[in-house]
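> I am attaching a structure below and will ask some questions about it afterwards.
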Amino acid sequence: MGNFESITLEKVKIRSVVVVENEKRIMHYSRRHNILLVGEGDFSFSACLASDFGSAANIIATSLDSQAFLKKNYRNAMSNIKEITRREGTVMHGIDATKMANRESLRHVKFDRIIYNFPYAGIFDKRVPRGSQLRLHRRLVSKFLMNARKMLSENGEIRITHKTNSFHAGFMVESIASSHGLRLIEAVDFKRGDYPGYKNKYGFGGDANFDCRLSKTFKFARKNK
């Protein structure tokens, strides 16, 4: 294990035992939740939670992208990361949501909420057949859920926010979750305006916002035994 990974692991362990006295909430999230966010774009969603809570000591925000990539492609990424870290949140790069349960710096921690907003496999060749595209997206969702389930606290929940219209309806999020021993608690309409400062960016670069109308947040928990 490298020095950076060792330092990060110690920080994560500290975050995992934080007890917050006063509850502050924004929509479906509370400052009392131990929160893991994966697949962050410019970290604006994590920064929104951090700002609203006043403290981000309960937040670990991660991205697959490197800090250099974020700095180059997302204008506000560095200021959002600064907002999280100055409020004592943890930011991690190079975290693959499909393998994260085995990451040394994360696998010892249990989370009350694991959040993945708009999972997308990143397919740029429009010649790829629709069916093949959907299989790649489903595989991403499946591997994420398989990992996230292992990382839940006893009463923890997984949150996937996802577009539900047209092509995106074929992701079959509920069915995939069920196959991994997860049950749907509810699916609620997602409105970006409920999260001040959140900008839903295209993945893999590009500082534009995509249309997130007709999206829902799916809440999953382990099935009752």
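The values are calculated or read from the model by the stated rules, or taken from the named source; none is laboratory data. All values reported here derive from a predicted model rather than from experimental measurement. Cβ atoms come from the backbone with ideal geometry, glycine included; neighbour counts cover every protein chain shown.
> Please enumerate the residues belonging to the range 80-123 that are in contact (Cβ under 8 Å) with a residue 60 or more places away in the chain, surrounded by fewer than 16 Cβ atoms within 10 Å (Cβ to Cβ) and either closer than 22 Å to Phe210 by Cα or more than 16 Å from the chain's Cα centre (by Cα) (or both).
Passing the criteria: Glu104, His108, Gly122.
> Okay, next question. Inside the range 152-193, can you point out the residues that are part of a strand (DSSP E or B), of a type in the set (Lys, Arg) and under 11 Å from Lys216 (Cβ atoms)? Give the steps one after another, and end with the answer.
Filtering the range 152-193 for residues part of a strand (DSSP E or B) gives 152-163, 182-189.
Filter again for of a type in the set (Lys, Arg), leaving 159, 163, 183.
If the condition is that a residue be part of a strand (DSSP E or B), of a type in the set (Lys, Arg) and under 11 Å from Lys216 (Cβ atoms), then Arg159, Lys163 are the ones that fit.
> The conditions are (1) modelled with pLDDT of 95 or more; (2) charged (D, E, K, R); (3) closer than 21 Å to Gly206 by Cα, and Lys143 fails exactly one of them. Which is it?
Unmet for Lys143, out of (1) modelled with pLDDT of 95 or more; (2) charged (D, E, K, R); (3) closer than 21 Å to Gly206 by Cα: (3).
> Any idea how many residues of the range 40-70 are acidic (Asp, Glu) and surrounded by fewer than 22 Cβ atoms within 10 Å (Cβ to Cβ)?
So in the range 40-70, the residues acidic (Asp, Glu) come out as 40, 42, 52, 65.
With the extra rule that they be surrounded by fewer than 22 Cβ atoms within 10 Å (Cβ to Cβ), the set shrinks to 52.
Result for the range 40-70: 1.
> Working carefully through the options Tyr202, Tyr198, find the one that is closer than 21 Å to Ile95 by Cβ, in contact with a Ser or Thr (Cβ under 7 Å, 6 or more places away or on another chain) and either modelled with pLDDT under 95 or charged (D, E, K, R) (or both).
Numbers: Tyr202 fails: in contact with a Ser or Thr (Cβ under 7 Å, 6 or more places away or on another chain).
Residue meeting the stated conditions: Tyr198.
> On to the next question. Among the listed residues Ser44, Ser79, which satisfies the condition of being at pLDDT 95 or above, out of contact with any strand residue (DSSP E or B) (no Cβ under 7 Å at 6 or more places or on another chain) and closer than 21 Å to Ala121 by Cα? First the steps, then the outcome.
On the way: Ser79 fails: closer than 21 Å to Ala121 by Cα.
Result of the check over Ser44, Ser79: Ser44.
> From the list Asn73, Asn155, Asn147, Asn165, exactly one residue is among the polar types (S, T, N, Q), surrounded by 17 or more Cβ atoms within 10 Å (Cβ to Cβ) and either in contact (Cβ under 8 Å) with a residue 60 or more places away in the chain or within 22 Å of Asp194 (Cα to Cα) (or both). Which is it? Steps first, please.
Values: Asn155 fails: surrounded by 17 or more Cβ atoms within 10 Å (Cβ to Cβ); Asn147 fails: either in contact (Cβ under 8 Å) with a residue 60 or more places away in the chain or within 22 Å of Asp194 (Cα to Cα) (or both); Asn165 fails: surrounded by 17 or more Cβ atoms within 10 Å (Cβ to Cβ).
Going through Asn73, Asn155, Asn147, Asn165 in turn, the sole match is Asn73.
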